1. Just to be sure I understand, how many residues within the range 28-81 are more than 22 Å from residue 286 (Cβ to Cβ) and either open to solvent by 50 Å² or more (accessible area, probe 1.4 Å) or of a type in the set (D, E, K, R) (or both)?
2. Mind checking which residues of the range 82-129 are open to solvent by less than 50 Å² (accessible area, probe 1.4 Å), of a type in the set (Phe, Trp, Tyr) and closer than 23 Å to residue 185 by Cβ?
3. Can you tell which of 147, 134, 185 is hydrophobic (A, V, I, L, M, F, W, C) and under 23 Å from residue 251 (Cα atoms)?
4. Before we move on, is residue 223 under 20 Å from the mean Cα position of the chain (by Cα), farther than 18 Å from residue 293 by Cα and either surrounded by fewer than 20 Cβ atoms within 10 Å (Cβ to Cβ) or at pLDDT 95 or above (or both)?
5. Would you check if residue 28 is of a type in the set (Val, Ile, Thr), at pLDDT 85 or above and over 13 Å from residue 109 (Cα atoms)?
6. For the range 63-105, give me each residue that is free of Cβ contacts under 8 Å to residues at least 40 places away in the same chain and touching a helix residue (DSSP H, G or I) at 6+ places or on another chain (Cβ under 8 Å).
7. Given 190, 179, which one is assigned to a strand (DSSP E or B), touching a helix residue (DSSP H, G or I) at 6+ places or on another chain (Cβ under 9 Å), closer than 30 Å to residue 91 by Cα and not acidic (Asp, Glu)?
8. Please verify whether the range 135-144 includes one or more residues that are open to solvent by 50 Å² or more (accessible area, probe 1.4 Å) and touching a strand residue (DSSP E or B) at 6+ places or on another chain (Cβ under 6 Å).
Amino acid sequence: MRTNASTNHEDEFSSPVMLRVSDADRQVMHEEAKSRMAMLPSSALPRTKHVEEYFSEAELSEKGMPRRIRRALSRLRNGHLDALAITGLPFDPASHLATATSMGALPPLGCFWLGMISRHLGHEFGYETEKQGALVHNVVPARMHAATQSNASSTVTLSLHTEIAFHSIRPDFVALYCVRSPVPAPATRVALIDEIIQGCPSWVIEILSQDRFSISPPDSFLISGVPDRRVTLTPLLGSAGRRTIRWHSSVRGLDPEAEAAAVKFREVASSLAYPVALTPGTLLVFANDRCLHGRDTFQASYNQADRWLLRTYILRDIMRISLGGLAVGGSPTPPIISARSA
């Protein structure tokens, strides 16, 4: 990834981009976050029910992000950028992490930065059958799911995929914030659909643009009891100027030619994926229909020192949920939608 210091320069971005927060900006951001969080009526350690409060306060924070980062987020929202990593964000001290873990609460700074990112891009939302409808997900390894294609895995490579690809309403953006990581950090891999298309033979792109494939819900949804039934889909959509992708390790071709195209697509995507090391204070956010993402294996200890990410799903327009005819609940808190196949 290309690295840029957090300054006010107006040079154009390429994608993916990594922006580094300067020491001066980090201090301003930390003080602003602490000031904003002190005004919240909830505990300094937010629980799930406090997420909306934290996100709304973060949305109002004018000093929360340097101008250069806000500009990059605007480019991401407007489709001029596909993936952005921000490094050097202030992160929660070890004492907060230990308390949050024991209380089942969220790290406050991590929650604040996710709120700022989410509200700049759109609105957070969740699925009833994905981590009980939480709007901020704790992503940690679990021994019983170590070898699954889920966010709780560790002993297997998490294959390149788009998030919630089987669903009729999918996140426009996915934000991942690193709370804690082993050393060295396992690479999160990001592949850009435009680069994958350029690397694929034309016959692969032609076939992937046809309704000749099927997909099933990811392991994280199956774990929650969603039926394992396959849905027919067209992986590549959109025009030549802006293609979009729906992809998962469970995608299968419905005929030999389509399966061959899927195999080739996976091969090319893997060869073009960028490694991104998520370390404490690093936030990765990407357009879900323009990127594939995955993760390398790592050694899990299944204790309070393991890798820990926070994840949020974001929609540009939250009204898509009601227009899609899905169940909406939890007023006045942000909508939680039920999982339904496409």
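1. Within the range 28-81, residues that are more than 22 Å from residue 286 (Cβ to Cβ) and either open to solvent by 50 Å² or more (accessible area, probe 1.4 Å) or of a type in the set (D, E, K, R) (or both) number 21.
2. Matches in the range 82-129: 112, 113.
3. After applying the criteria, what remains is 147.
4. Criteria met by residue 223.
5. When the stated conditions are applied, residue 28 passes them.
6. Residue satisfying the conditions is 63 alone.
7. Working: 190 fails: touching a helix residue (DSSP H, G or I) at 6+ places or on another chain (Cβ under 9 Å).
Answer to the check: 179.
8. The answer is yes, given that some residue of the range 135-144 is open to solvent by 50 Å² or more (accessible area, probe 1.4 Å) and touching a strand residue (DSSP E or B) at 6+ places or on another chain (Cβ under 6 Å).
The values are calculated or read from the model by the stated rules, or taken from the named source; none is laboratory data. Keep in mind that this is a model prediction, so the values were computed, not measured. All Cβ positions, even for glycine, are placed from backbone atoms using ideal geometry, and neighbour counts span all protein chains on display. Note: areas computed on protein heavy atoms with side chains; ligands, DNA, RNA excluded. Shrake-Rupley method; radii C 1.70, N 1.55, O 1.52, S 1.80 Å.
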